[in-house]
Amino acid sequence: MHPISGPAPSLWQQRALVPVLVSLGMLVAIISSLGAPLIPTIAAVDHVSVADAQWSLTVTMLVGAVATPAMGRLGDGPHRRKVILTGLAVVLLGSLLAALPLGFACLIVGRALQGVGMGLVPLAIATARDSVPPARARSALSTLSLTTAAGVGIGYPVTGLLAESLGMYAGFWFAVIATTLALIAAAVVLPTPPVRPAHPMDVVGALLLTLGMSGLLFALTQGERWGWGSPRLLVLGVVSVLLLIGWALHELRTAHPLVDLRLIRDRTVFAAHLTTMMGGIGMYLLISLVTRYVQTPPSAGYGLGASVVVTGLILVPFSVTSLVAGRMVRILIRTQPPVRLLPVSCLLSLAALLTFVLAHGGLWEVFVTMALAGLGVGVNFAVTPGLVVGGVPAHETGSAMSFNQVVKYIGYSAGSALSAVILQAATTPGQDLPPESGYRTAGLTGCAVWAATALVAYVLIRSGARVASARIRVGHPALAADGGSVPDGEGLVPGTGAER
């Protein structure tokens, strides 16, 4: 059944559509840029610990992990335009709450509402697929896929400059202005989506995922304060794990799941999702460590005493090299199967964390660290969408990519929380700052995780390739066309699922 197109937009609306969709991607970058560099400032202004202030970043990514599939499900039907506009209105409300000096609790609520904006990028990509003429679609989709990575390098320095010049809340007022403009532009330009059957919302799945992830992350961040063996921590941890198990079982049984977990049975797809999640953990673990470290005053015995502006500039090489990595992947896949690049991305990220552990005495060393991290994350995020698309049936592409976004945002929130936990555990009671050894421990923890991920990805890829080859040899030559794995990843399309 083919979707029925809505009323044709005017010529100027067609021309303005891609810039407006790109502005949604930039808005997501702005939202994320209000996190890591401002954490020490938030702790000082609101008189909370740095570990608590870390929730201003963690809660945004956590809400994004739940909002992305929920908004994707709602936007699959005839209500996509309404979902985008409503999402922007929620982000505007959150930005306004965060911009008002009403205390830390209000800031956290505002940042949580801003997390809804993380679900706008998949909807923007879906809109471009349906509404941009085929001659311009590939270019538009490529631009959208690169926007959030490029936006990090732009958003961090801009919000840092505003915070340093006009105070912490100036960055959030910048988000208010940007969201208002994006909302007005979207209301004027967004076309009516094609008419497709609407599926019921998986409310139970959304609640189980939210409660399970929130409880687990909260238990992780409170372990040092409550005691790792305290009964309430153990109860909270067990209940959270049971909720997540219940969510997984529910998703496997319901007719219209929030996230179709059955699509990860293919080993190559599972490897892609695993490295995506680990890429998110490693990315925000390192970003959180670096931004805190460089702002630490030298009087602590370490640290560079960098301003918020300089801290923001540290993210520029990360964005630049992630874009370069995306271009490199397009060249490398001409001679190398994309699936083989997954372990390579893990090793590049491992090298970045090792560089931070061994050499962080000067700004130039930190710039090198972030450049390496950008290469690792760029290769990972450039390869995994194509592997996911090539490993599932064509009609399940949207659901599979939605799950890929979910695990990415789960990785973001877990990496943010993990950095706070390790540094808090290393901090002597009564002291505000952890010793330098805490950063070393966190970095080595990240190295161990990346080494294990590279090994698991390699094993899954090799075993998945053997399974696919065996199936094809026994009489299933159409396996790849039907959504199965291709030996060694041959024929898979890199980039976003939208490029397929």
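The values are calculated or read from the model by the stated rules, or taken from the named source; none is laboratory data. None of these values were measured; they are calculated from a predicted model. As a convention, Cβ positions derive from the backbone with ideal geometry for all residues, glycine included, and neighbour counts pool all protein chains shown. Just so you know, the surface numbers come from the protein's heavy atoms only, side chains and all, with ligands and any DNA or RNA stripped out. Shrake-Rupley method; radii C 1.70, N 1.55, O 1.52, S 1.80 Å.
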Count, please, the residues in region 438-453 that happen to be open to solvent by 10 Å² or more (accessible area, probe 1.4 Å) and of a type in the set (Gly, Ala, Ser). 3
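Per-residue answers, yes or no, for (1) touching a residue at least 60 places away in the same chain (Cβ under 8 Å); (2) surrounded by fewer than 24 Cβ atoms within 10 Å (Cβ to Cβ); (3) in a loop (DSSP other than H, G, I, E, B):
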| position | (1), (2), (3) |
| --- | --- |
| His250 | no, yes, no |
| Arg262 | no, yes, no |
| Ala271 | yes, no, no |
| Leu274 | yes, yes, no |
| Met278 | yes, no, no |
| Tyr284 | yes, no, no |
| Leu289 | yes, no, no |
Is it the case that some residue within region 324-345 is in contact (Cβ under 8 Å) with a residue 24 or more places away in the chain, within 23 Å of Ile39 (Cα to Cα) and surrounded by 22 or more Cβ atoms within 10 Å (Cβ to Cβ)? no
Has region 43-53 got at least one residue that is at pLDDT 85 or above, of a type in the set (A, V, I, L, M, F, W, C) and in a loop (DSSP other than H, G, I, E, B)? yes
Among the listed residues Pro40, Pro78, Pro7, identify the single one that is modelled with pLDDT under 85, open to solvent by 40 Å² or more (accessible area, probe 1.4 Å) and either touching a Lys or Arg at 6+ places or on another chain (Cβ under 8 Å) or on the phi > 0 side of the Ramachandran plot (or both). Pro78
Listed by first then second residue, the pairs whose first member lies in region 406-432 and is outside any helix (DSSP H, G or I), whose partner is buried (at least 24 other Cβ atoms within 10 Å of the Cβ), with beta carbons under 9 Å and at least 6 positions apart or on separate chains, are Thr427/Pro434; Thr428/Pro434
Residue in region 299-315 that is under 19 Å from the mean Cα position of the chain (by Cα), open to solvent by 20 Å² or more (accessible area, probe 1.4 Å) and in contact (Cβ under 8 Å) with a residue 60 or more places away in the chain present: no
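Restricting attention to region 81-104, which residues are open to solvent by 50 Å² or more (accessible area, probe 1.4 Å) and either touching a helix residue (DSSP H, G or I) at 6+ places or on another chain (Cβ under 7 Å) or under 16 Å from Val63 (Cα atoms) (or both)? Working first, answer last.
Here is the first cut: in region 81-104, the residues open to solvent by 50 Å² or more (accessible area, probe 1.4 Å) are 81-82, 86, 93, 96, 100-102.
Residues satisfying the conditions are Thr86, Leu93, Leu96, Leu100, Pro101.
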I'm trying to understand the selection: among the residues of region 295-322, which are touching a Gly at 6+ places or on another chain (Cβ under 7 Å) and of a type in the set (A, V, I, L, M)? Val308, Val309, Leu315, Val316, Val320
